[in-house]
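For reference, the structure is listed below as structure tokens.
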Amino acid sequence: MPNKVGLPSAAARYLVVNADDFGASHSVNQAVLRACRDGVLRSASIMAGGEAFEEAAMIARGLPELSVGIHVTLVDGASVLAPSKIPGLVDGSGLFLESPAKAGMKYWLQRGQISGQIEAEIEAQFDRLEAAGIRPMHADSHHHLHVHPVIFGVLCRVAARRGVKWIRVPPGPFGAVTRLSGVPEWAVFKAFNFFHARTARAQGLISPLTYGISRPGRVSADYLIRLISKIGIISKKGGPVAEIFAHPDLAGSGEVEFLALTSPAVREAIHLHGFTAAGFKDIGGRYKIADTH
């Protein structure tokens, strides 16, 4: 039976379980649909250039309990604009570099020449969502590339103009992450997020405490239960909203994450630790999150 999301209250603590890569494939889309109807998923980030974008948009329009945001793609995917309009970002087939590290280095070294192209592509991705009847409430990106210093401020400005309320600034606090994912991943993002949190606030955007693993197939039910327990302790001081991102899929390694998101034990853990499962649109922009980054 589908889970119903209650209306938010001022005293509640909310846990947003978000699926990244919505629109990447048919199997991802079906995992999002089923994890929302039968599990704890209440939010998804859609890829405007994803090969199954149209199907994802149709699912989103028919699933009012799902909150949808934009999963900005500037690496390992296809652009929305034609290659001739953003030659510094994509090859002749409209594909970005596959490696986040190589893309990040290129964008930094060529920042003077391509910053306008980055903004144009981000705007085009927002346009495609809006043309499909989707008004995104949150923003994040494929492989978290939006934390790149050349990209983050641009995305914040565009997102704020588009009415977005929330933006991801990973990672969560050190103690909740290192035992569950790893020090290197945490440290890379931590190097940026103090300044990014300030940039987001300056544009009127809210950044929740964010947790997860970037590599698909690593978020098992056991991982989620342990993580929810740690978030339950930290969030009492850090604010009323926390986000866990995952990569559910009905094929390949993402099936582990789909099973985790539909696990009754995970649902019970959310309630046990005092959270209400919700999407960003359910919470709105009424909360100002303490600066814990």
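Every number in this text was worked out from the coordinates using simple rules, so none of it is lab data. Here the structure is a predicted model, which means the values were calculated and not measured. Counting neighbours? That spans all protein chains shown, and the Cβs are built from the backbone with ideal geometry, glycine included.
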task = Could you sort 78-84, 98-104 so that the peptide with the highest average Cβ count within 10 Å comes first and the rest follow in order?
result = 78-84, 98-104
query = Which of the aspartates and glutamates could be linked to Lys102 by a straight reach, that is with a Cα gap under 12 Å, when you skip same-chain ones fewer than 8 residues away?
reply = Asp76
remark   = Dimensionless Rg/Rh of region 24-110, both radii on Cα and Rh by Kirkwood, sits at 1.07
Mean separation of Cα contacts under 8 Å (6+ apart) over length of region 18-89, as relative contact order % = 33 percent
Column: log10 I(q)/I(0), Debye, Cα scatterers of region 13-283, q = 0.08, 0.10, 0.11, 0.15 Å⁻¹ = -0.28, -0.45, -0.55, -1.08
request  = Collect residues whose amide H, placed 1.01 Å from N in the peptide plane, falls under 5 Å from the amide H of Val17; neighbours closer than 5 in sequence don't count.
outcome  = Arg42, Ser43, Ile244, Ala278
request  = Step through the residues of region 121-133 one at a time and calculate ³J(HN,Hα) from phi using the Karplus curve (6.51 cos²θ - 1.76 cosθ + 1.60, θ = phi - 60°), rounding each to whole Hz and writing x for Gly and Pro.
outcome  = 5, 4, 4, 5, 5, 4, 4, 5, 4, 5, 5, 8, x
note = Residues whose built amide H sits under 5 Å from the amide H of Gly77, excluding neighbours closer than 5 in sequence, are Phe96
key: ³J(HN,Hα), Karplus 6.51/-1.76/1.60, whole Hz, each residue of region 262-270, x for Gly, Pro   = 10, 7, x, 5, 5, 4, 5, 5, 4
ask   = Roughly how many nanometres apart are two label points built 7 Å out from the Cα toward the Cβ at Leu95 and Ala82?
value = 2.1 nm
note = In whole Hz, the Karplus estimates of ³J(HN,Hα) for region 37-53 (6.51, -1.76, 1.60; θ = phi - 60°; x where Gly or Pro) are 5, 10, x, 9, 5, 10, 8, 8, 10, 9, 9, 4, x, x, 5, 10, 4
